[in-house]
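The values are calculated or read from the model by the stated rules, or taken from the named source; none is laboratory data. Computed from a prediction, not measured in an experiment: that's the story for all the values here. Ideal geometry is used to build each Cβ from the backbone, glycine not excepted, and the neighbour counts take in all protein chains shown.
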């Protein structure tokens, strides 16, 4: 089967309601035990006043950051998720797709732009990296938390490519699992380096039970040097 970024959006349109339930009822153990805390701490260490949360889902991260006085704009392509986030409050939430974003739907600049497990596609991710630096304030940061490539590779070859999705470990309410585009650690680094960023930090939050990396967090700052655009793969 041939996968595309559209398959990802279609899956989230189908699964918005069970996702909201899973987040609010703390059904995802790795998030509760490890990765939520990791992304919050990484952001707070930079002391931002403004944050753009791309792929905000039902808005949990915005609510947590808002508790510390940070102004958050959360955007997502899925109307049902944005409606849920708006209902709970803790930030401003808008239905904006990745295509809308790179076409200039947001005019503001931010101290931090964060993508927390929200960069799952191929073309959309490449396009966002090319555009993101113009939305950051001076000395701003682009922070990405994603599945750790080494942990997530499984028995497949360690090369970039589409992977079949799965809702294993989730409730039976989930259907039509989203595919995702696997990138090696080097490919993630190159997305930053070839799009005008330097990599300030690479963090690997550990699962204390398995001693395996639960995720990887990249912290990018705007580089003094310029780079050639990252080529489409």
In the set 43, 32, 78, the lone residue that is closer than 22 Å to residue 213 by Cβ and surrounded by 14 or more Cβ atoms within 10 Å (Cβ to Cβ) is 43
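If I filter region 177-200 down to residues being part of a strand (DSSP E or B) and in contact with a helix residue (DSSP H, G or I) (Cβ under 8 Å, 6 or more places away or on another chain), which single residue comes out as nearest to residue 39 (Cα to Cα)? So that I can check it myself, show each step before the final result.
Pass one, region 177-200, residues part of a strand (DSSP E or B): 180-182, 197-200.
So of that shortlist, the ones also in contact with a helix residue (DSSP H, G or I) (Cβ under 8 Å, 6 or more places away or on another chain) come out as 180-182, 197-199.
Numbers: 180: 21, 181: 21, 182: 21, 197: 19, 198: 19, 199: 16 Å.
Among those residues, the one meeting the criterion is 199.
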Scope region 141-157; condition surrounded by 12 or more Cβ atoms within 10 Å (Cβ to Cβ) and more than 17 Å from the chain's Cα centre (by Cα); matching residues
150, 151, 153
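Restricting to region 81-95, what's the tally of residues that are buried (at least 18 other Cβ atoms within 10 Å of the Cβ) and under 26 Å from residue 47 (Cα atoms)?
First, pick out the residues of region 81-95 that are buried (at least 18 other Cβ atoms within 10 Å of the Cβ): 81-82, 84-85, 90-91, 93.
Restricting the remaining residues to those that are under 26 Å from residue 47 (Cα atoms) gives 82, 85, 90-91, 93.
Residues meeting the conditions: 5.
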From (1) in contact with a strand residue (DSSP E or B) (Cβ under 8 Å, 6 or more places away or on another chain); (2) in a loop (DSSP other than H, G, I, E, B); (3) under 21 Å from residue 132 (Cα atoms), pick out the condition that doesn't hold for residue 156.
(3)
Is it true that residue 192 is surrounded by 15 or more Cβ atoms within 10 Å (Cβ to Cβ), at pLDDT below 95 and either in contact with a strand residue (DSSP E or B) (Cβ under 8 Å, 6 or more places away or on another chain) or farther than 20 Å from residue 44 by Cβ (or both)?
no
Positions within region 107-129 being under 13 Å from residue 51 (Cβ atoms) and surrounded by 16 or more Cβ atoms within 10 Å (Cβ to Cβ), in sequence order:
110, 111, 112, 113, 114, 115, 116
Note: among 142, 174, just one is touching a residue at least 24 places away in the same chain (Cβ under 8 Å) and either part of a loop (DSSP other than H, G, I, E, B) or over 17 Å from residue 217 (Cβ atoms) (or both), namely 174
